[in-house]
Structure formats: C-alpha cells, structure tokens
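K.L.:
Sharing a structure here in structure tokens format.
The values are calculated or read from the model by the stated rules, or taken from the named source; none is laboratory data. All values reported here derive from a predicted model rather than from experimental measurement. All Cβ positions, glycine included, derive from the backbone under ideal geometry; neighbour counts span all protein chains shown.
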Amino acid sequence: MNFAKRAFLSLSRRVGKTLILFLVILILGNLIAATVAMRQAIEQSEHLAKLSLGANVSLGQDYQALEKVWSAGEEPELVALDANIIESLGVRAEVKSYDYTLDVYLSARDVKAYEPSADNGGYAITSVGGGRGLTLRGIHYAPVLLIEEGQLELVSGRVFSQQEIEQGAMVGLISDKVAELNNLHVGDNIVLANEIRDYSDETAILDGGEGTLAETRDVVLEVIGIFSPKSGSAEASATTPGSSDQDWMAQMLESETHNTVFAPIAVAQAEERFMIDAYAKITPDEFENAATYDPWYTPVYVLNSVDDLASFSEAAQAVLPQYYTVLNADSQFEQIAGPLKSIQSIVGITLVASVIAALVIVSLVVVLFLRDRRKEFGIYLSLGVRKQAVMGQVLIEVLLVALVALGIALVTGNLISGALSQELVQNQILAAQSDSMGISVSYASGAANMLLGNLTIDDVLANYSVGIDVPYVLTFLGLGVGVSVLSCILPLLYVLRLKPKKILM
Amino acid sequence: MTIIALENLNYSYKDGGMQRFILSDVSFGFELGCFYAILGNSGSGKTTLLSLMGALDEPQSGTISYQAEDIKRLGYDNYRRNHVGIVFQSYNLIPWLTAVENVLVAMDATDNKLPKDQHAVVTNLLTFLGIDQGKATRRVTELSGGEQQRVAIARALATNVDLILADEPTGNLDETSSEEIVEIFKTLAHEHGKCVVVVTHDSEIAREADTVLRLSKGVLGVA
Ligand SMILES: Nc1ncnc2c1ncn2[C@@H]1O[C@H](COP(=O)(O)OP(=O)(O)OP(=O)(O)O)[C@@H](O)[C@H]1O
Ligand SMILES: [Mg+2]
C-alpha cells in the first residue's frame, strides 16, 4: 500500500470529490487554454505576415517629421539623396542586392497604355495631362530587382546586360499587357514621346487643360524582354470584397506596373535632363538651378534576412540627410497591426488574470479538500509515513486529475478560442478602422512600393489561425500543471507541519 | 526490561496569562511483558501523557527514552514508524480503504523487517483478532465500532513493534466487545512479551491489568 497506490485508490473510491476537482480544473483550463491559444495565434499571424513581407527596405521622406515642421509653418529645405550615400549603403554586408531608380513620365502618343476596364469593376484612371502615359524607369541593376525577387516574371526575351546599363543602351523591358495592346514582340521598337507642355498661357489650361506643346522628342527603345506581374503578388491578394479602398489601391498598382518601361538609368537621366532644360526655357525663374539639378532616385535594398533590418536601419539613419528615413514593410506593419497589438495586450491581461483566478480557485478547492482530509494526513503522520510520501500521494492525485482535465481543455479551449477570436479580431480591426477613418500608411514612392509589398489587414487575418503547436501545448501544460502543483503545496506544507495530536486527539 | 522510560516530563499550556500544568515531573519506567492501565479523572491529562509517549506531541521539558535512547534523537517519525503502535479511542482508520488496506498502510511505512507475503500476514492477524475474510475486504466504514477497533489494533501490531499504546480503546464498545479486547491486550503482553499501556476510565479493565497507574493533579503514581 505505497503512496502511489493510495493515490489511485483515493481517486477511484472518492469519485464525487475527484469529479468536482476535475470539473473545476477543466473549466479554468479552458479559460487559460483559450487565452494561450489566442496569444499564440496573434504572435503567429504577426510573424507570418512579417515573413511574407520579406526584408526589403527603401529610403525616403520622413513624412511624420515633415508634418511637424509644416504644421509649425516652416518650409524645410529638401534635398535629393546623394548617389554616393545610396551606393555606400548598398555595399554593406546586410545587403543582398540593391538598385536605385529614376522615373520619368512619358506620353503614350504613339502607343496604347494599359487601362483596367471599367466593366471589370475597375476604375478608369486618366492622368492630369489627358491621355494615359507610361513611366520610363531607369535602373542601375541589370538583372532587374523586381524580376530577381519574383514580383515580376520575365515571360519572353531577356534582362539587361551590364554593358547595356553602363553604356545607356536604348533598350527596354515592357509588360505583357502593353506588348499585347501594341502588338509588340521582343526585337521590335517601342516609341515613347517626351512631351513638354507649356501651361503658362492660362487659356490653354481652360481649353481642355492640356496646355500647348512646347517641345517634344521621341524615345525609341528596342524591346529586349517582356515581363508580367506574378499572380499571387499584391493585386491578386488584395481583392477582398468590402474594402473598396484596397481595391482601388490594387487597381492603381496594377496599371502602374503594366505601364512601366524599364530602361538603363542613363536613358531616364537623359530624358529628365531634356525635360528640365525645356522647362527652364519656359519658366526660367522657377528653374534657376537647372544646371546643377540632382535626380531624385528611389533606392531599394534587398537585405539578406529580416534580422538584418535593425543594423541596416541604424547605419542608414547615420548617413541620411535630414527628413529622410528608412521605409520598410515593418513600419507599415506597425500601423496596420495596431488593432492586433491592442488585442494582444487584452489577451495578455486576460491570461495573467485567468492564471491568477485559476490559482486562487484551484487553491481554494484543494484547501477545502485537504481540510476534509486533515484527519487522513494526521493518521499517516501518526503511523510515521514520511512527509514526502504524503506529498507525493496528493501531488499524484491532483496531477492525474489535472492532466486529464487539461488535456481535454487543450482541445476544447482551442476550439472555443478559434470560434471567439476570429470574431474578436475582426471586430477590433473594424472598430479601429472606423475610429481612424481608415488606416493611414506612409507608402514608399511608387518605384519602391512593389518590392516593399503592401500589407493589408486581410493579409494579417489570412495568417491568423488558432492551432495546436508545440509551444502552445508546452506553455499551457506548464501553466496548468504549475497552478495545480502550487495550489496544493502550500496547504499541504501547513497541514504536515502540525503535530499529529492536534489533528487526531 | 524497561522498554520506555519517562524522566521528569513537564507539559503545560498557557491559559490566559496563567501557565497551567497538566503533567509535572512525571517519571516512570514501563516494562516489556506487562499490561498497564492508567486511570484518572476526565481532564487529568491521560491522553496528553499517551500522546507524548507516542511522539504525537512534545513535552516542554523532560525526556522519553526508548530502549535507553531519547526518542527525540531517534527521530519522532522514525520512532512512530518503527517502535510504537497506537490505538485511538476514535479508531482513526482511513474510511475509503478496506480493513486489510488500512493495516497495509502502516506496514508500508515501517522499516522493520516483515514477512514477504504481507497480505497473508494481515489476513492472519485480522482473523486472530476476530475479523473474518469477508469483513477484512470491506471498507472500514461498513464495519461495527468493535470491529473497527480490532482493525486499529491489527494496524498497531502489524509493524511488529514491542510497545502498544491505547487511549480508551473500549470507550465506544459494549461489555462483551470490551472484554474481548482486554483479553487481546493481556495475550499480547503475557504471551507475546509486549509492553501494553491502556488509558481507561473503566475499573473493570483496570482489574485485569498487571500494574494500575493513576494520574492526578499532574502526578503519575502506582495506584
Ligand atoms: N494545547 C492545549 N491547549 C489548551 N488546553 C489543553 C491543551 N492540551 C490539553 N489541554 C487541557 O489539558 C487537560 C488534559 O487533557 P487530556 O485530553 O490529556 O485529558 P484526559 O485525561 O485525556 O481527559 P479524558 O478522560 O476526558 O479524555 C484538559 O483540561 C484539556 O482541556
Ligand atoms: Mg482523553
């Protein structure tokens, strides 16, 4: 009749008491399990969402800082990013590859630009100048970063050679949509127009708003490759009904991508130069510094891993001019994940509260039971049963009941939290959205946007799932077993300290 | 041979500022093979004395020696486990265990060498004490008071100790049962050479004892 056997007999012969303890632990276990599961799920969804964004960063204007200066009525002096700074950051160890690009907006006089059709539920987007234009994007990185990183897919032809980039060869990559619209193939030429319009004559603006054509020159590029946005990237995933803002955003991005022509950097620089010189002739007083004008590059860095973000950002902040900052998906994420964070903290508090409540309630129940059994323990003591054996017996009893109850709570609590939390998370996000009239996110400039990715709440929600994994099971069982053991050790120590006579006679 | 010796035992408790003595300077040696009865008025301190002898409580001063060794040095747990068997007035059996299992609890605790087949030993012991097989495997709550007291005695004997202490073991029993139990104690002392100390109000029992002691005003003396 050792203590372990006594434990089993005690449980099986005092079924009523065993059941009460079982039910108490089961109910509290469900509470803890549900909160632990929710916590885990939120962490998981954040993690997955972050992972899916990857470790890409851009450098750009710090609108938060600028906002402050502007609201103070000051006019901060903004400077273009020096190419030397961009390059010095590009050769850092954290960087896998990088590029810095220059966008020039050209007219599609002789070609058709892609427009998402309105009858597909799309929005017709027209530029200020009237017709739809094309963006000529000059790049430094011959393999084309967006293709290398998988946002774009090369469907035919090739990317640039290093020589073409260095020499500023008149070659380019166009999208499959533009190729199709204009019946262009690899080897054909695409003719873009760099049109300079004069708006200084006010009547010209009133008359259709197109101004008068001051100067123009053709940009003729040989098509060496055709790309297509990969399905599953930004536009494919952002089509949740009910979020029309996001729909619109996606449409914008889609047509912007299709209407981009990639070319060596020198091609874009030359066209920008032509544009600035022309404007300097029309309005000389606004272009005093035309001769020394620096291009406004958009740098994009692909880091080796998300873990490199911190050290890269630190290095970048040290060399960036005033009002510049490191833009990455993480900073976007922080804003979008705000509601999640607040749920996270609610769940955290609930978890602590329910663990404390469980500790108190289970302790009370165990104390009541032990009080009931004071005499039994007194008998053991009077027989000289070792204190460890008495402790062992009670611990086995409580742990056995607790493990069965917790095992069941593990599954049921998980189901409960799965049902409850999806609702809670959704409501919280909706509430946050109506609070702030939508979530404002400081997007990186167009060129960097695609690589940085656009994180939406739907992305986070899509990654939100309550499941049973090893850390969850360990956390939960650890808490449950800890609570059970703690709640019987203190009262037991008290009882076993007593003189047997006090208990028995 | 003296198995347990009390030397200058004092036991008192505070009663609102006043120190009330229950036992003062109690000294006595108990011999193996003897059946002792301790008489005394209610509240005279009999249970207190027995609990000190059973190491269920501690005296304020004085020593209790078991085979010439201070039981404090021996270790109270160790002493209770291996050297003394106690029978209580209220039996103190574990209600959800059977008669056999209650006895086995004590046998598991002791370090004394016991026969291998403990179950057989218990069954024989219970039979010797008048508990048959059928009753031995029932929960003790389904036994009569007299039967429960026999189980308690069996438990006190099962660890093969030489000292048996009993606090009013027949207090709840009818005359026939009482007589039978007294017979058992006599047998244990005279045929098995144990030292049996029984606290009682009952002068009938006292008449059967080899030595009758009286506790009065904190002093223990031979009647
Ligand atoms: N710790 C204590 N605190 C207060 N009073 C105590 C304490 N221990 C014993 N007493 C008192 O000491 C006296 C002796 O008690 P004890 O139980 O030993 O008497 P007893 O001789 O066994 O009496 P009875 O024949 O009624 O069983 C009683 O008056 C009791 O109330
Ligand atoms: Mg008494």
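K.L.:
Any residue at all in region B:49-67 that is surrounded by fewer than 22 Cβ atoms within 10 Å (Cβ to Cβ), within 16 Å of ligand 2 (Cβ to nearest atom) and charged (D, E, K, R)?
P.N.:
Yes.
K.L.:
Ok, one more. Just to verify a result, which residue in region B:179-217, among those that are over 24 Å from B:SER24 (Cα atoms) and polar (S, T, N, Q), is farthest from ligand 2 (Cβ to nearest atom)?
P.N.:
B:THR187
K.L.:
Scan (1) touching a Leu at 6+ places or on another chain (Cβ under 7 Å); (2) loosely packed, with under 12 Cβ neighbours inside 10 Å for the single condition B:SER44 breaks and write down its number.
P.N.:
Going through (1) touching a Leu at 6+ places or on another chain (Cβ under 7 Å); (2) loosely packed, with under 12 Cβ neighbours inside 10 Å one by one, B:SER44 breaks only (2).
K.L.:
Considering only region B:153-178, state which residues are within 16 Å of ligand 2 (Cβ to nearest atom), of a type outside the set (D, E, K, R) and not in a loop (DSSP other than H, G, I, E, B).
P.N.:
B:LEU165, B:ALA166
K.L.:
Taking region B:41-55 only, how many residues are within 12 Å of ligand 1 (Cβ to nearest atom) and on the phi > 0 side of the Ramachandran plot?
P.N.:
2
K.L.:
Right, next: Kindly list the number of the only condition in (1) crowded, with 22+ Cβ neighbours inside 10 Å; (2) over 18 Å from the mean Cα position of the chain (by Cα); (3) away from chain A (no Cβ under 12 Å) that fails for B:LEU126.
P.N.:
If we test B:LEU126 against (1) crowded, with 22+ Cβ neighbours inside 10 Å; (2) over 18 Å from the mean Cα position of the chain (by Cα); (3) away from chain A (no Cβ under 12 Å), just (2) comes out false.
K.L.:
A further question on this structure: Mind listing just one residue for me: the one in region B:97-113 that is hydrophobic (A, V, I, L, M, F, W, C) and part of a helix (DSSP H, G or I) and, of those, farthest from the other protein chains (Cβ to nearest Cβ)?
P.N.:
Of everything passing the filter in region B:97-113, B:ALA99 is farthest from the other protein chains (Cβ to nearest Cβ).
K.L.:
Now for a separate question. Looking at B:VAL121, B:VAL103 in this structure, which one is more than 16 Å from ligand 1 (Cβ to nearest atom) and under 19 Å from the mean Cα position of the chain (by Cα)?
P.N.:
Every option except B:VAL103 fails the conditions.
K.L.:
Please work out which one of (1) within 16 Å of ligand 1 (Cβ to nearest atom); (2) in contact with a Ser or Thr (Cβ under 8 Å, 6 or more places away or on another chain) is the condition B:GLU31 fails and give its number.
P.N.:
Of the numbered conditions (1) within 16 Å of ligand 1 (Cβ to nearest atom); (2) in contact with a Ser or Thr (Cβ under 8 Å, 6 or more places away or on another chain), the odd one out for B:GLU31 is (1).
K.L.:
Could I ask something else about it? Considering region B:36-67 alone, what residues qualify as being more than 11 Å from chain A (Cβ to nearest Cβ) and within 12 Å of B:ARG80 (Cβ to Cβ)?
P.N.:
Matches in region B:36-67: B:MET53, B:TYR66.
K.L.:
On to the next question. Considering every residue within region A:47-62, establish whether at least one is modelled with pLDDT of 80 or more, within 14 Å of another protein chain (Cβ to nearest Cβ) and surrounded by 15 or more Cβ atoms within 10 Å (Cβ to Cβ).
P.N.:
No, the conditions are met nowhere in region A:47-62.
K.L.:
Next question. Being aliphatic (A, V, I, L, M), over 35 Å from the mean Cα position of the chain (by Cα) and in a helix (DSSP H, G or I) is the requirement here; does A:LEU370 meet it?
P.N.:
Yes, satisfied.
This table checks each residue for (1) crowded, with 16+ Cβ neighbours inside 10 Å; (2) modelled with pLDDT of 90 or more; (3) within 16 Å of ligand 1 (Cβ to nearest atom).
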| position | (1), (2), (3) |
| --- | --- |
| B:GLY134 | no, yes, no |
| B:GLN148 | yes, yes, no |
| B:GLU175 | no, no, no |
| B:LYS194 | yes, yes, no |
| B:VAL212 | yes, yes, yes |
| B:SER216 | no, yes, yes |
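K.L.:
Let me confirm something: among B:VAL161, B:VAL151, which residue is out of contact with any Phe, Trp or Tyr (no Cβ under 7 Å at 6 or more places or on another chain) and closer than 26 Å to B:MET1 by Cβ?
P.N.:
Of the residues listed, the single one that is out of contact with any Phe, Trp or Tyr (no Cβ under 7 Å at 6 or more places or on another chain) and closer than 26 Å to B:MET1 by Cβ is B:VAL161.
K.L.:
Something else now. Grab the helices (runs of 4 or more DSSP H) fully contained in region A:410-505, keeping just those with 3 or more residues being on the phi < 0 side of the Ramachandran plot and either modelled with pLDDT of 85 or more or in contact with a Pro (Cβ under 6 Å, 6 or more places away or on another chain) (or both).
P.N.:
Where helices (runs of 4 or more DSSP H) fall fully within region A:410-505 and carry at least 3 residues being on the phi < 0 side of the Ramachandran plot and either modelled with pLDDT of 85 or more or in contact with a Pro (Cβ under 6 Å, 6 or more places away or on another chain) (or both), they are A:470-497, A:500-504.
K.L.:
Shifting gears a bit: Could you go through region A:360-369 and let me know if any residue there is buried (at least 18 other Cβ atoms within 10 Å of the Cβ) and closer than 30 Å to B:VAL84 by Cα.
P.N.:
Taking every residue of region A:360-369 in turn, at least one turns out to be buried (at least 18 other Cβ atoms within 10 Å of the Cβ) and closer than 30 Å to B:VAL84 by Cα.
K.L.:
I want to confirm something. Restricting to region A:373-395 and keeping residues that are of a type outside the set (D, E, K, R), free of Cβ contacts under 8 Å to residues at least 60 places away in the same chain and assigned to a helix (DSSP H, G or I), which single residue is surrounded by the fewest Cβ atoms within 10 Å (Cβ to Cβ)?
P.N.:
A:GLN388
K.L.:
Where residues in region B:76-96 are within 7 Å of chain A (Cβ to nearest Cβ) and in a loop (DSSP other than H, G, I, E, B), which of them is surrounded by the most Cβ atoms within 10 Å (Cβ to Cβ)?
P.N.:
Checked region B:76-96; the qualifying residue surrounded by the most Cβ atoms within 10 Å (Cβ to Cβ) is B:PHE88.
K.L.:
If you go through region B:56-68 one residue at a time, do you hit one that is away from ligand 1 (no atom under 15 Å from the Cβ), without any contact (Cβ under 8 Å) to a residue 40 or more places away in the chain and within 22 Å of B:LYS113 (Cα to Cα)?
P.N.:
no
K.L.:
List the number of the failed condition for A:SER200; all other conditions in (1) touching a helix residue (DSSP H, G or I) at 6+ places or on another chain (Cβ under 7 Å); (2) assigned to a strand (DSSP E or B); (3) at pLDDT below 90 hold.
P.N.:
(2)
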